[in-house]
Amino acid sequence: MHVYTAYPLGLAEAYQRWHFYPPPYWYNNNWYYATPWLWIDGDKDGAYIYSQWNTMITQRMAEPAPVTATVWGEYFPATYTGTINAQFRNDSSEAISGRAMFCITEDSLYYPAGNGDQWHNHVARDYLPDYMGESVSIPAGDSITVSQAFTVNPSWNTVKLNFVAWIQDASMQPDSTIEIWQGGKLPFADLTVGIEEYGNEETSISRIAPVPNPCVNGTRFAFTLSAGESYRILFYDVSGRQVRTIHGVGSGSEQTATWDLKNDMGTKVSAGVYLYRFESAETSTSGKVIVQ
């Protein structure tokens, strides 16, 4: 977080996020905010010594987490807009309440800073919906999906952008830690690219989307194809392995195709995020299905 807006990489929301936590630095009988400083999963005791950070982060990543996070999204290049989503599954035996949020970050930014640093990674560009996030509650063993619209600044290098999502405790612990239960990261390049219709001279892709989504027992796709037009819907897990293919023929009127959440072997798939692609000679589209 570059907190001073007078500098090229500064962001007002980063300053606000900085002050979301109490000051961590004790000096001359007073508490101060200091840069650089590492907050590690809401713990202010990361200190300012770069050489210690890698060990602290590695140790924290090895600790078990009560939440599983899955991140995906869609981007429309013509308008520099899109939607980012995160599913948080509560794997613990107790309900949790906290705040969920997203941050767009950018890597490989060159700026000779006063402390000698020249290259900057994971620079906060925008917080969604803001630096405070969105209040959420998740019953034990259940999950929620959080979505936020975003806009990309044309000056940002999309090749270097990432979306970071996390869910954080709403309460501060006695040692001033505001614990982050889990997070996830999605490179901008992994977003599904969508096409929208902006004029009669442009071609749009029919938005064939699963309903319901997220789903528990099954999901349906509604569409209209010319009579006799063949189609197929392919489903993949997040590793890219194909798990199911549905074939059919258009009827000339609106029809539906249902995925019963089973793979090609007839076994119900596990909870998680699956990719789909609808293909026909007339139209094609892709997206994600969340199975709970």
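The values are calculated or read from the model by the stated rules, or taken from the named source; none is laboratory data. None of these values were measured; they are calculated from a predicted model. Quick reminder, even Gly has a Cβ in these numbers, built from the backbone with ideal geometry, and neighbours come from all protein chains shown.
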request  = Please verify whether segment 83-91 includes one or more residues that are more than 18 Å from N157 (Cα to Cα) and of a type in the set (A, V, I, L, M, F, W, C).
outcome  = yes
ask   = Which of the residues that make up segment 205-232 are of a type in the set (D, E, K, R), part of a loop (DSSP other than H, G, I, E, B) and within 25 Å of the chain's Cα centre (by Cα)?
value = R207
request  = Give the residue that is surrounded by the fewest Cβ atoms within 10 Å (Cβ to Cβ), with candidates limited to residues of segment 17-35 that are within 26 Å of the chain's Cα centre (by Cα) and more than 16 Å from T105 (Cα to Cα).
outcome  = H19
task = For segment 215-250, enumerate the residues that are touching an Asp or Glu at 6+ places or on another chain (Cβ under 9 Å) and more than 29 Å from D190 (Cβ to Cβ).
result = T224, L225, S226, E229, V249, G250
key: Filtered residue count, segment 241-250, keeping only those that are assigned to a loop (DSSP other than H, G, I, E, B) and either among the hydrophobic types (A, V, I, L, M, F, W, C) or touching a Ser or Thr at 6+ places or on another chain (Cβ under 8 Å) (or both)   = 1
key: Subset of segment 61-87 (residues that are within 21 Å of D43 (Cα to Cα) and surrounded by 14 or more Cβ atoms within 10 Å (Cβ to Cβ))   = A65, P66, V67, T68, A69
ask   = Under 6 Å by Cβ, and 6 or more places apart or on different chains, what pairs join a residue from segment 145-158 that is within 28 Å of I290 (Cβ to Cβ) with one that is small (G, A, S) and outside any loop (DSSP other than H, G, I, E, B)?
value = V146/A86; V146/A100; F150/G82
query = Do you know which residues across segment 205-222 are under 13 Å from E279 (Cα atoms) and modelled with pLDDT under 90?
reply = I205, S206, R207, I208, A209
query = Restricting to segment 27-53, what's the tally of residues that are touching a strand residue (DSSP E or B) at 6+ places or on another chain (Cβ under 8 Å) and over 26 Å from A65 (Cα atoms)?
reply = 4
task = Give me a count of the residues in segment 48-76 that are of a type in the set (G, A, S) and free of Cβ contacts under 8 Å to residues at least 12 places away in the same chain.
result = 2
request  = Considering only segment 156-165, state which residues are of a type in the set (F, W, Y) and part of a strand (DSSP E or B).
outcome  = F163
remark   = Within segment 266-292, residues among the small types (G, A, S) and more than 23 Å from G250 (Cβ to Cβ) come out as G266, S270, A271, G272
key: Condition broken by T192, with the remaining ones in (1) at pLDDT 90 or above; (2) closer than 30 Å to E106 by Cβ satisfied   = (1)
task = Scan (1) under 23 Å from the mean Cα position of the chain (by Cα); (2) at pLDDT below 90; (3) on the phi < 0 side of the Ramachandran plot for the single condition F235 breaks and write down its number.
result = (2)
inquiry  = Tell me yes or no: at least one residue of segment 95-104 is surrounded by 13 or more Cβ atoms within 10 Å (Cβ to Cβ), in contact with a Lys or Arg (Cβ under 8 Å, 6 or more places away or on another chain) and not in a strand (DSSP E or B).
reply    = no
query = Where in segment 116-155 are there strands (runs of 3 or more DSSP E), lying fully within it, with 1 or more residues that are more than 29 Å from L9 (Cβ to Cβ)?
reply = 134-138, 143-151
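Residue-by-condition table, conditions (1) surrounded by 17 or more Cβ atoms within 10 Å (Cβ to Cβ); (2) at pLDDT 85 or above:
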| site | (1), (2) |
| --- | --- |
| T224 | no, yes |
| G228 | no, yes |
| G240 | no, no |
| V249 | no, yes |
| S253 | no, yes |
| M265 | no, yes |
| F278 | yes, yes |
| T285 | yes, no |
task = Might you check whether a residue that is over 19 Å from the mean Cα position of the chain (by Cα), farther than 20 Å from G183 by Cβ and in a strand (DSSP E or B) occurs anywhere in segment 42-63?
result = no
